[in-house]
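Just so you know, all these numbers are worked out from the coordinates, no wet-lab data involved. Keep in mind the model is a prediction, meaning the values are calculated, not measured. Here Cβ is always computed from backbone atoms with ideal geometry, including for glycine, and neighbour counts include all displayed protein chains.
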């Protein structure tokens, strides 16, 4: 199974029971617009935490009826994050979304050993990209969380991304471990990591997917480019997931696709007890809406 459009992800989310989405520091216009649209589509039931008067003011501006929506008044964004995490711990919410709060206090609440949402897995960022120049949706990881991941962390990052595809019904996603070139060079750690991940997959240490690499980005997404290099691989030119070497390259790839490549994205943080919709302020309302839909589709 493959998907060509993020609208298909919305259809999956709509076909499921509405998920309870708790938004921390919710007084953010773009976030509330995305939440409103997801609510109208029946994808989520919102729970809003933050400056109540400001939330109500914004919702009046965007014609968002709050009459049946639960709002917790909390002026402190960090405490708002703690309260949002607590609701999830109490099984009163299924998805966490970042509003007008810095990432650090939100993640501090998520990673709290006693009261957080940790599972023992590495948290990682995953973006599902709809590009006009690729034949299907493609995932990119990790563009926002892990600065210079070790090989152990990369195993967790791959597993997190693969789990998204499994939950969307893709049984054996193809993972391309990308870097600056398609051969192993001992002086370039990303290529040796790619070879290690490939071998771990072949030996069954990474299951439920097909991992290959190293690939230069052209070999990962273009069969023609791979053939020119003499690369024989089921993954080459048909990758479902691009595994970046580090945050620098992952973030540049992700944002280049969005701002220069005409792509649309849906992005979540994985590895916690629930999906976390942690979008950038630069992300469009559409991207935020798609991110909510993906979190709901995989919940």
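So in the chain, what percent of DSSP beta bridges are antiparallel if you round to the nearest 5? If we restrict to bridges inside the chain, about 30 percent are antiparallel.
Length gain on complete extension for the stretch residue 103 to residue 189, per 0.36 nm per residue less the alpha carbon to alpha carbon distance?
Numbers: separation 86, 0.36 × 86 = 30.96 nm, distance 2.89 nm.
Contour length minus Cα-Cα distance gives 28.1 nm.
The calculated P(r) of the stretch 98-162, using every Cα pair and 5 Å bins from 0, goes 4, 15, 19, 21, 20, 12, 5, 3, 1, 0 in percent. Listed by Cβ neighbour count within 10 Å, with the fewest neighbours leading, 170, 158 appear as 170, 158.
With Cα atoms defining each centre, the stretch 89-103 and the stretch 252-299 are spaced 15 Å apart in the structure. Computed extension length for residue 73-residue 89: 3.8 nm, one decimal, from 0.36 nm per residue of separation with the Cα-Cα distance subtracted. For a paramagnetic label modelled on residue 54 (point 7 Å from Cα along Cα→Cβ), amide N atoms under 20 Å away belong, within the stretch 73-106, to 73-85, 97-106. Only Cα pairs under 8 Å and 6+ residues apart enter the sum, and on that basis the relative contact order of the chain stands at 23 percent. Computed over the chain, the per-residue total of -39500 (n - 2.57) for DSSP H runs of n ≥ 4 gives a 222 nm mean residue ellipticity of -12500 deg cm²/dmol, rounded to 500. Assuming R0 = 35 Å, what is the FRET efficiency of residue 224 and residue 29, from their Cβ-Cβ distance, to the nearest 0.05? It comes to 0.20.
Derived from the Cα gyration tensor, the three semi-axes of the equivalent ellipsoid of the stretch 124-259 are 18, 18, 16 Å, largest first. Neighbour counting of Cβ atoms within 10 Å sorts the residues 192, 119, 24, fewest neighbours leading, into 119, 192, 24.
For the chain, the extents of the C-alpha atoms along the principal axes are 62, 39, 31 Å, listed from largest to smallest.
For 240, 142, 246, what's the fewest-to-most ordering of other Cβ within 10 Å of each Cβ?
Numbers: 240 24, 142 31, 246 17.
Final ranking by Cβ density, sparse to dense: 246, 240, 142.
Using a 10 Å cut-off on Cβ atoms, rank the peptides 13-19, 178-184 from the highest mean neighbour count down.
178-184, 13-19
When only alpha carbons are used to place a centre, the stretch 143-174 and the stretch 1-44 end up 22 Å from one another. Label reach from residue 256 (point 7 Å along Cα→C-beta): in the stretch 179-203, amide nitrogens under 14 Å belong to 179-181.
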